[in-house]
Ligand SMILES: [Zn+2]
């Protein structure tokens, strides 16, 4: 049914282009009546440009292919639309596909997950191992403030895959989209600026949709961080979180209205993705590492720089002897903390990047923190970054449009599956990725691809 609508729309666009040709022929045929010279001009001009006009009509049809709008909502926990009023998101979930549990990559932080969504790759294959990522060979720590550094972002994000195959891409913010990757960027993009209001982000998307067909992007991403910020500052289920959900839902509603007023609803595929869940913290659930071990011989990007403590995931880098010493002391130090040594990481961690993989990883239990004595506790009230096996860390995903199933609930999907979904929706060849092609069949309508 939906794919029929797409076909009809394509036909309509092509017919309109055909009318253009006929109108032009009619105008020229008026000149024919005036003189034989005009007849000669008519013959020469019509027979020569006709194939060119036909070609233009085909191209116009091609660029009117269904738009894929990727909406990234930071901190969109799996159950958040059941706890707060979110009419626009709920309508997408009900009419299209709702993924009950979108499983993040480790650590369940923002940068690793939004970049895993974009590339379909686990951190060990795309180089973004945390919001702060240390590269031993470059002796550099990439941080969120250096997100335009192309050395950080490996693999091929969806906007590059699209652009390489002739599909125009536009990003109203996405992790990695401010860096030139493989010498390319999206056709349209903006460096991240958290001060840009949601309404301006929405307006930019709508302005892109209003471009002439030959310039209009077919892939568009947009990002909203308000829910994540509110949950961090005020806690899960706080009134501030509720207000943020209402505000972000209103932004999504404005996007949907914008598609509707442009006659694009039936032919657009909308994919809403979260990056992780959220859980409340308590100051008394803090593990002070220096009570057990002196780790000054090792480097931890999470426990240095601006963030000195109160972390929910700590990676350590250093020489083998120092790592061995720390591991032997810390491995059974606290019942609420798991310690993993390089070479013995569980399969699901996927942190074995050759230059960036940590030598030792500390993972406190859900809701616990790792810190150092003397570092003041300044919150947050709630956070994420814990094991992706914890349901509290799971995110939500909603998808609606001709490429997606209708009124379907899919229990589990991983964030690395999303890249492959997007390439299928856009009808392009996927680059190497870690997604599971069988799993995504549950999301896609039989007509997709
Ligand atoms: Zn996030």
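Go through 302, 355 for me and flag whichever is assigned to a loop (DSSP other than H, G, I, E, B), modelled with pLDDT of 95 or more and under 30 Å from the mean Cα position of the chain (by Cα).
One residue alone meets the criteria, 355.
Here's the yes/no breakdown for (1) part of a loop (DSSP other than H, G, I, E, B); (2) within 23 Å of residue 68 (Cα to Cα); (3) away from the ligand (no atom under 16 Å from the Cβ):
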residue	(1), (2), (3)
194	yes, no, no
206	no, yes, yes
213	yes, yes, yes
237	yes, no, yes
241	no, no, no
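With respect to residue 97, determine if the residue is over 21 Å from residue 345 (Cα atoms), more than 11 Å from the ligand (Cβ to nearest atom) and touching a residue at least 12 places away in the same chain (Cβ under 8 Å).
yes
Hey, does segment 403-413 have a residue that's within 16 Å of the ligand (Cβ to nearest atom) and within 30 Å of residue 66 (Cα to Cα)?
no
Being modelled with pLDDT of 95 or more, more than 20 Å from residue 169 (Cα to Cα), buried (at least 21 other Cβ atoms within 10 Å of the Cβ) and touching a strand residue (DSSP E or B) at 6+ places or on another chain (Cβ under 9 Å) is the requirement here; does residue 410 meet it?
Considered against the rule, which asks whether it is modelled with pLDDT of 95 or more, more than 20 Å from residue 169 (Cα to Cα), buried (at least 21 other Cβ atoms within 10 Å of the Cβ) and touching a strand residue (DSSP E or B) at 6+ places or on another chain (Cβ under 9 Å), residue 410 comes out as no.
In segment 243-302, which residues are farther than 30 Å from residue 315 by Cα, within 16 Å of the ligand (Cβ to nearest atom) and touching a residue at least 60 places away in the same chain (Cβ under 8 Å)?
245, 248, 272
Can you confirm whether residue 229 is surrounded by fewer than 19 Cβ atoms within 10 Å (Cβ to Cβ), closer than 23 Å to residue 177 by Cα, within 19 Å of the chain's Cα centre (by Cα) and within 16 Å of the ligand (Cβ to nearest atom)?
Yes: the conditions hold for residue 229.
Regarding residue 388, is this residue modelled with pLDDT under 95, touching a helix residue (DSSP H, G or I) at 6+ places or on another chain (Cβ under 9 Å) and within 16 Å of the ligand (Cβ to nearest atom)?
So residue 388 fails the test.
Do the conditions hold for residue 151, that is, is it more than 18 Å from the chain's Cα centre (by Cα), assigned to a loop (DSSP other than H, G, I, E, B) and without any contact (Cβ under 8 Å) to a residue 40 or more places away in the chain?
Yes; evaluated as a whole, the condition is true for this residue.
Count, please, the residues in segment 100-128 that happen to be within 15 Å of the chain's Cα centre (by Cα) and away from the ligand (no atom under 16 Å from the Cβ).
The total comes to 5.
Mind listing whichever residues of segment 126-135 are in contact with a helix residue (DSSP H, G or I) (Cβ under 8 Å, 6 or more places away or on another chain) and within 12 Å of residue 155 (Cβ to Cβ)?
126, 128
Do you know which residues across segment 305-318 are under 26 Å from residue 343 (Cα atoms), free of Cβ contacts under 8 Å to residues at least 60 places away in the same chain and surrounded by fewer than 23 Cβ atoms within 10 Å (Cβ to Cβ)?
318
Please find, among 121, 102, 92, the residue that is assigned to a loop (DSSP other than H, G, I, E, B) and either in contact with a helix residue (DSSP H, G or I) (Cβ under 9 Å, 6 or more places away or on another chain) or farther than 20 Å from residue 366 by Cα (or both).
121
The values are calculated or read from the model by the stated rules, or taken from the named source; none is laboratory data. Remember, predicted model here, so these are calculated numbers, not experimental data. Please note: Cβ atoms are built from the backbone with ideal geometry, for glycine as well, and neighbour counts cover all protein chains shown.
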